[in-house]
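The values are calculated or read from the model by the stated rules, or taken from the named source; none is laboratory data. Note that the structure is a prediction, hence the values are computed from the model and not measured. Here the Cβ is made from the backbone with ideal geometry for all residues, glycine too, and neighbour counts use every protein chain on show. All accessible areas refer to the heavy atoms of the entire protein, side chains included, with ligands and DNA or RNA removed. Shrake-Rupley method; radii C 1.70, N 1.55, O 1.52, S 1.80 Å.
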Amino acid sequence: MTALDGADDNIVAGRAADGDVAAFAVLVRRYTPVMRATTRRMLNGSAEVDDVVQEAFVTAWQRLPELDDPGKVRSWLMRIVSRKALDRLRATRPQVSVDDVPAPAPAHTAPPRVVEGRAGVEALAAALRGLADAERECWVLREVGGLSYDEIGEAMDTPVTTVRGLLARARKHIIVRMEGWR
């Protein structure tokens with residue numbers, strides 16, 4: 001045991017920052033167990049624990065002159081080893097490209113929406129079955145076919161005024177029957 005082994009962190013870290021290899025060796029002996037334990041917990045007992053701790057000490061040796069308060073060397077070393085362990089975790093975590101993730105299905109294709117849509121179509125079909133044949137034909141030609149009143153009149157061989165009346169009655173019937181779907 002050397003005189004440095006019993007010295008305060010402030011003295012040992014200060015000398016190590018000045019390039020004293022023996023002082024740095026004291027820091028390594030003093031803090032390796034706690035750094036290994038922390039790394040082991042972070043990496044779930046991985047075989048890379050010693051590598052991460054060694055990388056942390058290499059970084060510490062290179063950056064020790066930047067340490068503002070040598071008395072806080074323990075927390076500084078723990079920060080370094082924690083970051084190294086996190087870097088190792090990130091490097092081993094499988095990376096998923098955004099391009100590999102399938103795009104979510106459109107909301108209208110979700111099962112509840114599909115069921116709701118089918119139920120709405122069934123309700124409309126039931127409402128249309130309740131119409132008189134001429135009203136149903138007129139409504140389908142207008143709403144589904146997109147024909148104008150004149151075109152419906154020609155297709156049904158009916159005056160435009162009659163087409164308007166048929167459509168009005170059909171729409172009123174459908175509105176009443178489809179009230180729950182509004």
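If you check 76, 61, which single one turns out to be open to solvent by 70 Å² or more (accessible area, probe 1.4 Å) and of a type in the set (Phe, Trp, Tyr)?
Result: 61 is the single residue among 76, 61 that is open to solvent by 70 Å² or more (accessible area, probe 1.4 Å) and of a type in the set (Phe, Trp, Tyr).
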Could you grab the pairs with beta carbons closer than 8 Å, sequence gap of 6+ or different chains, first residue in the stretch 41-54 and open to solvent by less than 80 Å² (accessible area, probe 1.4 Å), second one β-branched (Val, Ile, Thr) and modelled with pLDDT of 80 or more?
43/49; 43/52; 49/39; 52/39; 52/81; 53/32; 53/39; 53/81
Filtering the stretch 7-18 down to residues that are open to solvent by less than 40 Å² (accessible area, probe 1.4 Å) and over 45 Å from the mean Cα position of the chain (by Cα) yields 7, 12, 14, 16
Could you please let me know if residue 136 is of a type outside the set (Phe, Trp, Tyr) and open to solvent by 80 Å² or more (accessible area, probe 1.4 Å)?
no
Of all residues making up the stretch 79-90, the number that are over 19 Å from residue 12 (Cα atoms) and open to solvent by 80 Å² or more (accessible area, probe 1.4 Å):
3
So if I check each of 169, 164, which one is in contact with a Phe, Trp or Tyr (Cβ under 7 Å, 6 or more places away or on another chain), open to solvent by 50 Å² or more (accessible area, probe 1.4 Å), at pLDDT 85 or above and not hydrophobic (A, V, I, L, M, F, W, C)?
164
If only one of 79, 113 is charged (D, E, K, R), closer than 30 Å to residue 38 by Cα and within 42 Å of the chain's Cα centre (by Cα), which one is it?
79
Of residues in the stretch 20-33 being open to solvent by 40 Å² or more (accessible area, probe 1.4 Å) and not small (Gly, Ala, Ser), the one nearest to the chain's Cα centre (by Cα)
33
Can residue 133 be described as within 30 Å of residue 57 (Cβ to Cβ) and either in contact with a strand residue (DSSP E or B) (Cβ under 9 Å, 6 or more places away or on another chain) or not small (Gly, Ala, Ser) (or both)?
no
